[in-house]
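J.: My structure is below; once you've seen it, I'll send some questions.
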Amino acid sequence: MANNRRRLVGRVVSDKMQKTVTVAIERRTTHPVYGKVIKFTKKVMAHDETDSVKTGSIVRIVESRPLSKTKRWVVEEVLETPEGVVVARTAAAAPTEGSAEQ
């Protein structure tokens, strides 16, 4: 079965909660009449299992089942840190205890 869940890229604006970050998703569109570029921002809560994502990071989030009253997204990958370092930390690529090769 194909993994067709929605994926969005946004900037972390808050990391003050435990295992949760607030991600601002910015969308740009042109006004239908005047042609001016308008920015729309939506803030969503995303689950961060490792609790390592910091404010200012650019992350990719993926749609998931409801984790709480407001959390419907999970941090899939950190694309860039606040210091400007490009990272490729994927939650699925993290080693687990039972995956040691024989």
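J.: Based on what the data block shows, is Arg60 basic (Lys, Arg), surrounded by fewer than 10 Cβ atoms within 10 Å (Cβ to Cβ) and either in a strand (DSSP E or B) or modelled with pLDDT under 95 (or both)?
T.: So Arg60 fails the test.
J.: Still on this model: Which numbered condition in (1) surrounded by 11 or more Cβ atoms within 10 Å (Cβ to Cβ); (2) at pLDDT 95 or above is the only one that Lys54 fails?
T.: (2)
J.: Among the residues in region 24-35, are any β-branched (Val, Ile, Thr), touching a Leu at 6+ places or on another chain (Cβ under 8 Å) and at pLDDT 95 or above?
T.: Yes: region 24-35 contains one or more residues that are β-branched (Val, Ile, Thr), touching a Leu at 6+ places or on another chain (Cβ under 8 Å) and at pLDDT 95 or above.
J.: Continuing with this model, one more query. Scan region 1-39 for residues that are without any contact (Cβ under 8 Å) to a residue 24 or more places away in the chain and assigned to a loop (DSSP other than H, G, I, E, B) and jot them down.
T.: Residues satisfying the conditions are Met1, Ala2, Asn3, Asn4, His31, Pro32, Val33, Tyr34, Gly35, Lys36.
Listed here are the residues, each with its yes/no results for (1) outside any strand (DSSP E or B); (2) modelled with pLDDT of 95 or more; (3) of a type outside the set (D, E, K, R).
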{"site": "Thr41", "(1), (2), (3)": "no, yes, yes"}
{"site": "Val44", "(1), (2), (3)": "no, yes, yes"}
{"site": "Arg72", "(1), (2), (3)": "no, yes, no"}
{"site": "Glu83", "(1), (2), (3)": "yes, no, no"}
{"site": "Ala92", "(1), (2), (3)": "yes, no, yes"}
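The values are calculated or read from the model by the stated rules, or taken from the named source; none is laboratory data. What you see is a predicted model; the values in this text were computed from it and never measured. Cβ atoms come from the backbone with ideal geometry, glycine included; neighbour counts cover every protein chain shown.
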